[in-house]
Structures are given as structure tokens and as C-alpha cells.
Amino acid sequence: MGKPRLAVWKFASCDGCQLSLLDCEDELLAVAGAVEIAYFPEASSDMQPGPYDVSLVEGSITTAHDAERIREIRRQSGAVITIGACATAGGIQALRNFADVEEFTRAVYATPSFISTLDTSTPIADHIRVDFELRGCPINKHQLLETINAFINRRRPNIPAHSVCVECKRRGTVCVTVARGAACLGPVTHAGCGALCPSYDRGCFGCYGPKELANTESLAAWARDKLGVADKDIQRLHHNFNAWSEPFRSEGDRHG
Amino acid sequence: MGPKRDASAFILPVARLDELFAALRSRGYACVGPTVRDAAIVYGDIEHSADLPRGWTDDHAPGSYRIKRRSDNAYFGYVVGPHAWKKYLFTPERRLWQLQRAGAKWERTDPPVEVQKYAFIGVRACEIAALQIQDRIFTGGQFVEPNYAATRREVFVVSVNCTQSASTCFCVSMDTGPEVRGGSDLTLTEILQPEHCFVVRADSERGDEVLASLDLDCARSEHSHAAAVGVDHARRQSRRLETAGLKDLLRRNSESPQWQDIASRCLSCANCTLACPTCFCSSVEDVSDLSGDHAERWQRWDSCFNPDFSYMHGGEVRRTTAARYRQWMTHKLSTWFDQFGSSGCVGCGRCISWCPVGIDITEEARKMREAEGVQS
């Protein structure tokens, strides 16, 4: 049996997540040794045809063409793993979902008629069946390696679904909400970043999206009533990289 | 006749505090204790008295903690911070073992049991109670946690009697403080009158030996009196947890609608459990490298509020926040008695201060009791 064939795909995104794979540096040779990197245009012009055992998909669906392309990738792939906030939640570009896209194109482009785009930016899982979603904006390269490793070795990835708070507490970071009154999404956000922002004395932006049982309503009420955070700031906090993910989506809507 | 002296209590002048740390270091102890970092009084390395939070205090309220300057230069003029001593004994992350493929066989390497000799500086009475609870958990049963046991055995406890309480403190209700009663090697009480100094008592042979080496003067009765007044001051606590019948109260209320009410506020974020000095849950995680030739098993702090914690075949046992909070509070205040012979709560108030939305376990217990009164 040959090595598993890996493909890396890009949709509407900034490339930051697939760069995490190249950023693995020390581990990259081990990855190249464990899998055949069959399709990865960002890294190699040698693009092999499918089928592929594992496809990593970055980016969201924003055009009719992409909505078709992702179906073909699903057909060509054993496992589909979406990487990053764009692919798992629609990304920052999903802010269009709350507004009028035509108005945006008129404001931004000299010839808006050249622009062919959908009204929405949606996660990959809205279009096809996804085997695993790796969160983050950008993803954590160690979690990416762990996920690839788990799929190759046919085991469950060790990607904990708890809050960012657990990461703060394990590293001994003092809670920025309790000790400084900072608005922080950590208690409702999926772990994975290693609690980066609180370790620099500022609140979590929610880059990894809502965790399971994310009680945004309680946290937002506390931020407004006890910490004195303005409604528009609470909305901005939720309508960010994971704006289209529930319950961030509706929590932001409540504070418009 | 000179002034009346207390033969068991001695006076450590503020200017000689560093001699205590030097004496501990010379006996191989790494001193760890309170220090100001990240807008809080946390536990970290203490080289000398200048590392202590001299002139700082802490204000506590549900979901809120602030440090601020005191009007005096007290070294231990705060209550408890976000950290608990457990981080030195039951470490947040630890590799348990590793496997390496060697031909057709696997070779297992166990990391050596690492023993760092710690001197814990400034341990409060409630924290000693917490250490004793964790001692029973990790070393009191059939299975002894070797790292905990080896490190704990060597800990030199320099405790400090509390002379003030925060609004979140309820050690008096839990009968764990504010005065240190056992579990300490040296016990200090910081007094500001008649002069700023520490009244020191040795509570163990090790403590005796260190104390003798410092060659301190005996305390006079006004020193001992000032110390007693300070501790009495700390006894005046506004927060209470009614413990009479508490164990059965929780047992009777497993289906109380109050759990849903708490769940509407609770974030299931796990902060309370990780700040708690007695919570002891961990998970183990197996990791392998890409080649499959190397594997490791890691132990990490976990929490009954985390989804994977109760994951079994078929899913999580506790899928709702209501179920998770009920598990935590019922264990802490009720089933802990069945399991370990005491309450799991020492009244330090950390879970109240460090809950990001200020959920207060004493208030929830009170409401539960009141709701029963209304029904009957």
C-alpha cells in the first residue's frame, strides 16, 4: 500500500491556514515522509490528479463556481478536513451576510459588473459532508499536524473542545476579565490557540469560534451590565472571524 | 522582672525576613510564594522579601478581583489570589511515559519522579485545609500518585495567619480558618503594632530547627495580643455557607429547577474548577508522531465542565451545563463526604471571584435551602 495522498485546496481565504502547513518547517519533512503531497498549488506546481485520501480545505464558499468545485473535491476525496475560520464558519468575509453585497462591490470596484459573487460567504459544511473541522484564524500548526497524524493513523484527533479559559488556567495566566475588567470571549470560545491574547493582557477575540454549550447570552449580559461594555462593541466582538457561527451570529445581532 | 514573654512565639523583625528565605534555601528549598504579576498576586519564585507583594492588597467580589495599594507596608496584607498551591504538586501538564519502537518491540521510558524541594511561603489556613484534602485524594487511598507524594513529602510550609478577610471568604463557615491549626512547619502572623514584624511559631521538628537557626527573640505579650486581635479581625466574615444538613440538601435536590436557572448564567468554562484548590480532575491524552514510531502519554488538568471529560462510548454523560454544574456542586459539598470523608470546599472563595460571570456557590446553596423552605 502506498502512502496516503494529501491534497490542499483553497477557497475564499487569505492563505494563512495552508501556510501553517509550510510553516511546520521541522516537521514538514516528516509530513512529506508520511504522506504523498499530491496536490498543493501553494507549495508545488506539480499538481497530481485525484483521487486523494485526505483533502485539507481552506476558505469559504463565495461564488457559484466554488459551490460546484467543492462538490467535485468531495467526490475525489476520502476524508475532507476543513481548516480555519473561513472554511468552518465563513470567515471575516461572512460579514457580507449581514449586509448588501452589491453595495460593497459598488463601493470597492471600479467596474462592479466584473464581479460575480454570491450574496453570502458560507462554511464548507453547508455544502458538503465534512469529516473534521479544524478551527482557528489562523489554525494552530501543531493542531494541524495532530489532525493529519490522526487521520493517517485512523484515530480520533486530540483536539479538545473546551474553552480557552482552560488553556489560560493551565499556563497560569491571570483572568483578564476578572482582574482587569476586559471583555474576553475566552469562556465561550473553542480552545486551540494556547490562550495567546490573554497572555498579552487582552481579551480573547474568539478566533476559534464558539465552543460547545457557548452561553454567549450570559457572558454578553455580564460584559454590558457589569463591565460597562457598549452594545456596539459587544456586537463587534461576536461579529468577527466567526460571525456566521451560531451563537456568535445571533448574539451579535442582539447587540446591534 | 522583664516584660511577660510567650515561650513558644518569637519575633522576626521585617528587616530579617530575608534571613528566613536564606535559611530555607541553604537547606535545599526553592522558595515559592506570593508575588505581583499580571495585575494579581500570584504564586511564583521568591528570591527575597522584595519579591513579596509588600504594600498590596486585593479586593474581591463575585466575578471581580483587583489589587490595590495599602496604606501600610504589610507583606501579607492580601487574601488569596488566582493561583493555588496545587500547581506545584499536581502540575497542570505532565508527561507520564513514552514509547519508542525498537525493531519489533516497544521500549517504554518512564520519566524519573522529579522531586523539587519547595518551601511554600505565605500559605493560608484554608489552603492548608486544601492541601490536606488533596493529600487524601492523591496519597490516601489504594493508588498513590507518586509525583505528588514525593514532592509533597518535602514541602516546607511557611503559613501565615489571616488578619483580614475578603468579601468572598467563608473559611469560618467551613471551619478551616482564618487561624492555622496544624499542617504547617512555621506559622507567621504579621503585625503592624507595636512594630511591624512577624510573630513566628514552629509547628514541626523541621520548623523548630529552622527557627532555632534564626536565633530570634521571644515574643512579648503585646506582640501575641496584636496577633490574636488580627486573627479575630479576620474572623468577622460577611459571607456564610450554612453547612448543617448541606450534604443531604444537595442530595435531595438533584432534580431542582434551580440547576436550569444556574445554567442560564453558567458558561461551562471550567474556571471555578481550575481555580479551586481541591479540584483534582485530570485527563490523559495519548499522542503519536507521524511515523508511528514514537508515542507519549500526557496528563493534563481537566474539569467536569469540559465536554470530553464525561465522554464514553456513545457520547458525553453530561451534555448540559445544568448537569455539569450539578455534578460539580453536588460533588464539592455532598458526595465528597462519601468519597473522602470531608467537604470538598475550604471556603477560600476562589470559585466566586474567578467565575467570569460571578456565580456564587454560597448564594446558590442558600437559594436551594430557601426554595425547600417555601415548598414545605
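We did not get these values from a lab; they are worked out from the coordinates using the rules stated. Here the structure is a predicted model, which means the values were calculated and not measured. Using ideal geometry, Cβ is built from the backbone for each residue, glycine included, and neighbour counts are taken over all protein chains shown.
Structure notes:
- The long axis of helix A:141-152 is offset from the longest Cα principal axis of chain A by roughly 50 degrees.
- Shielding value for B:268-280 is 4, the average number of Cβ atoms from other chains within 10 Å of each residue's Cβ.
- Relative contact order [Cα under 8 Å, 6+ residues apart], chain B, whole percent: 22
- Sparsely packed chymotrypsin sites (Phe, Trp or Tyr not before Pro) within region A:97-187, loop by DSSP, other Cβ within 10 Å at most 12: A:TYR109
- Structure-based [θ]222 nm, chain B - -39500 (n - 2.57) summed over DSSP H runs of at least 4, per residue, nearest 500: -9000 deg cm²/dmol
- Formal net charge of residues neighbouring B:GLN164 (Cβ-Cβ distance under 14 Å; K, R +1; D, E -1): 0
- Counting, for every residue in B:297-305, the Cβ atoms of other protein chains within 10 Å of its Cβ and taking the mean gives 2.
- Taking a straight line from the alpha carbon of B:LYS367, these aspartates and glutamates sit under 14 Å away, with near neighbours fewer than eight places off in the same chain left out: B:GLU242, B:ASP261.
- When the inverse distances between all different Cα atoms of region B:246-375 are averaged and flipped, the Kirkwood radius reads 16.1 angstrom.
- Each Lys or Arg adds one and each Asp or Glu subtracts one; over the other residues with Cβ under 13 Å from the Cβ of B:PRO277, this totals +4.
- Compactness index (Cα Rg / 2.2 N^0.38 Å), the protein assembly as shown: 1.10
- Equivalent ellipsoid semi-axes, chain A, via Cα gyration tensor eigenvalues times 5, rooted, Å: 32, 25, 14
- Here the Debye sum runs over all C-alpha atoms of chain B as equal scatterers in vacuum, and log10 of I(q)/I(0) at q = 0.07, 0.10, 0.11, 0.12 Å⁻¹ comes out as -0.36, -0.71, -0.84, -0.97.
- Among residues other than A:ASN242 with Cβ under 12 Å from its Cβ, the summed charge is 0 (Lys and Arg +1, Asp and Glu -1).
- Residue-averaged [θ]222 nm for chain A, counting only DSSP H segments that reach four residues, each worth -39500 (n - 2.57): -9500 deg cm²/dmol
- Here the Karplus relation 6.51 cos²θ - 1.76 cosθ + 1.60, evaluated at θ = phi - 60°, turns the backbone of region B:220-233 into coupling constants of 8, 4, 5, 5, 4, 5, 4, 5, 5, 5, x, 5, 4, 4 Hz, with x for every Gly and Pro.
- Equivalent ellipsoid of region B:100-147: semi-axes from √(5λ) of the C-alpha gyration tensor, largest first, are 35, 15, 7 Å.
- Interchain or long-range residues, amide H under 5 Å from A:ALA12's placed H: A:SER60, A:THR62
- Zero-based 10 Å bins, Cα pair distances in region A:41-101, whole percents: 20, 46, 27, 8
- Taking amide H as placed 1.01 Å from N in the peptide plane, the amide H of B:TYR311 sits under 5 Å from that of B:VAL317, each at least 5 places away or on another chain.
- Here the relative contact order of region A:138-256, from alpha carbon pairs under 8 Å that lie six or more residues apart, stands at 20 percent.
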